[in-house]
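What follows is a set of notes on a single structure, which appears directly below.
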Amino acid sequence: MKRAIFPGSFDPITLGHVDIIERGVTLFDELIIAIGVNSGKEYMFSLAEREQFIKNCFKDNPKIKVVTYQGLTVDFCMKNNFNFILRGLRNPADFEFEKAIAHTNRDLAPVETVFLLTAASTSYISSSIVREVIRNDGDYTKLVPNMVRI
Ligand code: ADP
């Protein structure tokens, strides 16, 4: 069984993430959206909120699961028998960053990273821009799925 995880902070989930998830899930038997918990990081949305937003988005798709995890992504993969890591690429900066992580992960464990290029229509969206729009009372609703409402 091909099981992939899509790890990230999802603070909050955006239409860019949704694009990667909807296209990625067609490649695997199961796609686990894994919210990484980093105790040193400040988040806008609580872990429970981030998890609920994602669960609401994909509640009708039995192939998509949502979990939270701490520690190294590859350790989490090995413990749970996930063979693939799915990541999205928006631009050259993403590529350089993701390349270093993927090479490191490959050194640490036999887990393959699969990249999908973002759809052109969502390539400019990032959670950090969404947070900035929210902080400044802008209309964030065009950037996130309907389930993300404050
Ligand atoms: P992280 O903290 O790991 O960067 P994010 O939630 O920001 O977590 O991103 C998780 C994954 O989603 C990464 O692979 C990132 O490249 C991808 N991603 C984020 N925004 C987009 C987007 N607009 N289009 C495609 N992929 C995206």
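Please treat every number below as a calculation from the coordinates, not as lab data. Predicted model only: the values in this text are computed from it and were never measured. Cβ coordinates were reconstructed from backbone atoms using ideal geometry, including for glycine residues, and neighbour counts include every protein chain displayed.
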In whole angstrom, and with the biggest value first, how far do the Cα coordinates of the range 56-100 range along each principal axis? 34, 26, 18
Sorted from largest down, give the three principal axis spans of the alpha carbons of the range 1-61, whole angstrom values. 34, 19, 18
Please list the non-local residues whose amide H lies under 5 Å from the amide H of residue 83, H modeled 1.01 Å from N, same-chain partners needing a gap of 5 or more. 3
Here Rg/Rh (Cα, Kirkwood) for the chain equals 0.94
Between residue 58 and residues 5 or more places away or on another chain, which pairs have amide H atoms under 5 Å apart, with H built 1.01 Å from N, and which residues are they? none
Pairs of Cα atoms under 8 Å, at least six residues apart: use those to get the relative contact order of the range 24-150, whole percent. 24
Longest segment of the chain lacking trypsin sites (Lys or Arg not before Pro) that sit in a DSSP loop with at most 14 other Cβ atoms within 10 Å: 64-141
Within the chain, how many Lys pairs that are eight or more residues apart, or on different chains, come under 14 Å at the alpha-carbon? 4
